[in-house]
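For reference, the structure discussed in these notes is given below.
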Amino acid sequence: MKMSRNLLLLLLGTLSALAQEVDADLLKVKAKMDSVQSFEAGIIMDVDISFINMPTKEATISYQRGESVKFNSDDFILIPKRGFDFSLEEFFRHPFITVDRGIEMYQGKSYKYINIIPNSKKADYAIASLLIDTLNYRIVRSEIITKKEGAFTVNMKYDSDSAALPASMTVEFEVEEVKIPLNFMGRDTDIDRKQIRTEGKKTGQIYLQFQNYHVNNL
Amino acid sequence: MIKALLWAEAYKLMKQSRTWYAIAAVFVLELIVLISAYYRGAAVIDILLNNLKESFYFEGDLLNGNLLIYLILNSLWFNFPLILMLVISGMITDEYKDGTLQTVMLQPVQKKWFILSKYIVATVFTVLMVLVLALSAFLFSYLIFGKSDLIVFIGKLNFFNAVEAETRLILAFLNGCISMIFFSLASLTFGVIFRDTLKTWIVSVLFLIVSNLLLKFDFKWELINKLFYAKLNDTWQYFFQYEIPWNIILRNNLLLVGYIVGFSAIGVVIFNKKDIG
């Protein structure tokens with residue numbers, strides 16, 4: 001009898017957890033970001049991947065609410081697949097639950113730590129962890145484990161307390177290093193895909209600095 | 001006297017139909033390589049960036065004139081010296097075959113200056129041919145495919161912006177000149193030694209093939225890997241390392257110039273010592 005009651009309590013607890021509402025602070029962050037109708041900015045990009053040498057790149061970024069972020073550059077640039085979802089659209093596209101993990105210290109300051117777990121199989125991420133600045137309602141760090149594109153960690157720094165958009169951003173990601181035969185781009189440019197070996201996962205980073213923001217708020 | 005000999009040699013070289021066939025062959029080859037590079041370029045980029053697709057979107061076109069010029073450089077450094085060697089060796093073997101050497105030697109011409117003028121004209125012709133090759137490669141590639149960043153794999157994926165890529169490609173062509181001069185003058189020396197056109201062509205082609213094979217051969221002794229002539233002929237590739245190793249490039253080029261002088265000296269000495277008949 002006692003055991004059945006415990007099982008019932010555990011079941012009720014689980015259901016309660018599943019039925020919990022989306023974190024209120026996350027909704028406030030979303031509301032703040034939704035107030036940004038559009039913006040344009042210049043970006044300076046530096047790539048730090050062990051097997052890539054790339055000079056500092058310049059590009060422009062433009063965002064229109066409800067649309068994906070667009071980049072424009074005269075040069076070739078690598079754009080991380082995650083990190084530019086300023087309005088958190090990707091999380092809110094499918095149902096999810098949030099789990100409050102309490103307070104976590106990050107770079108000498110305390111932030112609210114939450115997990116986002118999608119309820120729908122259609123979501124392309126498995127879990128996300130966010131550090132929310134509950135004073136200024138913005139995200140300072142997010143870790144997203146995607147289903148197909150590996151894990152991404154995005155760190156954001158802001159110029160002022162009122163700023164909704166970051167002044168700089170670091171995107172960390174996992175990338176497979178390939179070992180290409182040495183003569184691949186030498187005299188013998190024949191391509192033999194069988195000779196190409198993967199060298200395991202490496203962590204890479206892209207540093208972005210935003211400048212000359214032109215923001216249109218609602 | 002040397003001035004007259006130089007003009008005479010230049011005139012004879014440009015009068016040969018073989019020379020113009022060679023120039024035409026270079027353009028045909030370049031066109032074929034350009035077309036093949038365009039199709040191969042897409043596959044090259046696909047392989048190089050395949051592992052990055054998971055994490056990144058790409059903005060900008062890497063299949064542009066700079067990549068095509070780089071692929072042309074890679075493809076032509078075997079075919080191009082072959083054409084040069086066939087033309088240059090003919091400068092001396094034709095003289096033996098046609099018997100014009102005896103006629104010239106009946107004039108008050110020193111053998112030493114006669115053969116030296118051939119080496120000098122062969123050098124100038126080679127440089128001009130590389131310039132023609134470079135100019136046409138840049139012209140066709142940029143006109144048709146535009147100019148943007150260059151991606152090269154040398155140990156790492158190296159990206160260069162368009163201006164940097166262009167500078168490095170020009171430097172690679174200039175550096176390639178030294179290798180081309182080496183093969184051209186080597187073939188002239190073979191012509192002096194073997195006299196017969198066909199034999200000289202066979203030896204020259206064999207020399208080029210062996211040199212290319214030895215370029216990839218890893219010798220047990222590092223000193224040989226550093227000093228052996230065959231290892232110096234792809235020095236131009238160093239211009240596509242992210243940090244250009246100027247010391248290695250300078251050392252390799254000085255060594256190659258030494259080999260050029262050595263090969264030429266052998267040719268001059270043998271020509272001086274041998275009877276004309």
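The values are calculated or read from the model by the stated rules, or taken from the named source; none is laboratory data. What you are looking at is a predicted structure, and each value in this text was computed from that prediction instead of being measured. Neighbour counts are summed over all protein chains in view; Cβ atoms, including those assigned to glycine, are modelled from backbone coordinates with ideal geometry. Areas reflect the complete protein model, heavy atoms only, side chains present, ligands, DNA and RNA absent. Shrake-Rupley method; radii C 1.70, N 1.55, O 1.52, S 1.80 Å.
Roughly how many percent of the accessible protein surface of chain B is carbon and sulfur, given a 1.4 Å probe and a whole-percent answer?
71
If only Cα atoms are counted, what is the Rg of the protein assembly as shown, and what is its Dmax, in Å?
Radius of gyration, then largest Cα-Cα span, for the protein assembly as shown: 32.6, 127 Å.
Within region B:180-268, list the trypsin sites (Lys or Arg not before Pro) lying in a DSSP loop whose Cβ has at most 12 other Cβ atoms in a 10 Å radius.
B:K220
Can you give me the solvent accessible area of A:D124 with a 1.4 Å probe, rounded to the nearest 10 Å²?
Rounded to the nearest 10, that gives 70 Å².
Nearest 100 Å², what total accessible surface is buried between chain B and chain A (probe 1.4 Å)?
For chain B against chain A, roughly 3700 Å² becomes buried.
Between A:S160 and B:N50, what is the label-point separation in nm under the 7 Å Cα-to-beta-carbon projection?
Each label point is offset 7 Å from its Cα along the Cβ direction, giving 5.0 nm.
For region B:145-198, with equal point scatterers placed on the C-alpha atoms only and solvent neglected, what are the log10 I(q)/I(0) values from the Debye formula at q = 0.14, 0.16, 0.17, 0.24 1/Å, to two decimals?
These q points yield log10 I(q)/I(0) values of -0.58, -0.64, -0.67, -0.94.
Probe radius 1.4 Å, ligands and nucleic acids left out: which of B:F271, A:F84, B:F140 has the largest accessible area, and how do the rest follow?
Largest accessible area first, the residues go B:F140, A:F84, B:F271.
Using amide H atoms built 1.01 Å from N in the peptide plane, name the residues 5+ places from A:D124, or on other chains, whose amide H lies under 5 Å from its own.
none
Counting partner chain Cβ atoms within 10 Å of every residue's Cβ in B:147-157, what's the average?
5
For B:V163 and A:R65, FRET efficiency with R0 = 51 Å and r from the beta-carbon atoms, rounded to 0.05?
0.85
For a 22 Å ceiling on Cα separation, which of these pairs sit above it: A:K57/A:K81; A:K148/B:K147; A:K30/A:K70?
Pairs exceeding 22 Å: A:K148/B:K147.
Just grab the label-to-label distance for A:E21 and A:E89, each label 7 Å out from Cα along the Cβ direction, in nm (one decimal).
2.6
Quick check on the protein assembly as shown: of the DSSP beta bridges with both residues there, what percent are antiparallel, nearest 5%?
Restricted to the protein assembly as shown, the bridges split so that about 95 percent are antiparallel.
Name all residues of region B:121-147 having a backbone nitrogen under 13 Å from the label point set 7 Å from the Cα of B:F27 along its Cα→Cβ direction, giving them as ranges.
B:132-133, B:136-137, B:140
Just the number, please: Stokes-Einstein D of region B:2-273 in µm²/s, Kirkwood Rh from C-alpha pairs, 4 °C, 1.567 mPa s.
65
Would you mind getting the Kirkwood hydrodynamic radius of region B:211-277 from its Cα pairs, rounded to one decimal in Å?
Evaluated over region B:211-277, this radius sits at 13.7 Å.
What ranking of B:I170, B:I202, B:I270 comes out by heavy-atom accessible area, probe 1.4 Å, highest first?
Largest to smallest exposure gives the sequence B:I202, B:I170, B:I270.
Which ³J(HN,Hα) values, rounded to whole Hz and listed in residue order, are derived for region A:202-218 from phi using the Karplus coefficients 6.51, -1.76 and 1.60 in 6.51 cos²θ - 1.76 cosθ + 1.60 with θ = phi - 60°, glycine and proline given as x?
10, 9, x, 9, 10, 9, 10, 10, 9, 9, 6, 5, 10, 10, 10, 9, 5
For B:K274, give me every one of the lysines with a C-alpha distance below 28 angstrom, ignoring sequence neighbours fewer than eight places off in its own chain.
Hits, sequence-local ones excluded: B:K3, B:K12, B:K15, B:K97, B:K111, B:K112, B:K118, B:K199.
Just read off the accessible area of A:M54 with the full protein assembly in place, 1.4 Å probe, to the nearest 10 Å².
Accessible area of A:M54: about 20 Å².
Which ³J(HN,Hα) values, rounded to whole Hz and listed in residue order, are derived for region A:21-37 from phi using the Karplus coefficients 6.51, -1.76 and 1.60 in 6.51 cos²θ - 1.76 cosθ + 1.60 with θ = phi - 60°, glycine and proline given as x?
Calculated HN-Hα couplings, in order: 7, 5, 3, 5, 5, 5, 5, 5, 4, 4, 4, 5, 5, 5, 6, 7, 6 Hz.
Tell me, what is the 1.4 Å probe accessible area of B:K15, in Å² to the nearest 10?
140
At 10 °C and a viscosity of 1.306 mPa s, what translational diffusion coefficient does Stokes-Einstein give for region A:109-151, taking Rh as the Kirkwood radius over Cα pairs? Give it in µm²/s as a whole number.
Value of D from the Cα-based Kirkwood radius: 142 µm²/s.
Per-residue HN-Hα couplings for region B:63-72, Karplus 6.51 cos²θ - 1.76 cosθ + 1.60 at θ = phi - 60°, whole Hz, x for Gly and Pro?
The phi angles translate into 8, 9, x, 5, 5, 5, 5, 4, 5, 4 Hz.
What is the average number of partner chain Cβ atoms found within 10 Å of a Cβ in B:73-79?
Mean shielding count: 2.
Relative contact order of region B:2-273, please, whole-number percent, based on alpha carbon pairs below 8 angstrom and at least 6 residues apart.
Across region B:2-273, relative contact order equals 25 percent.
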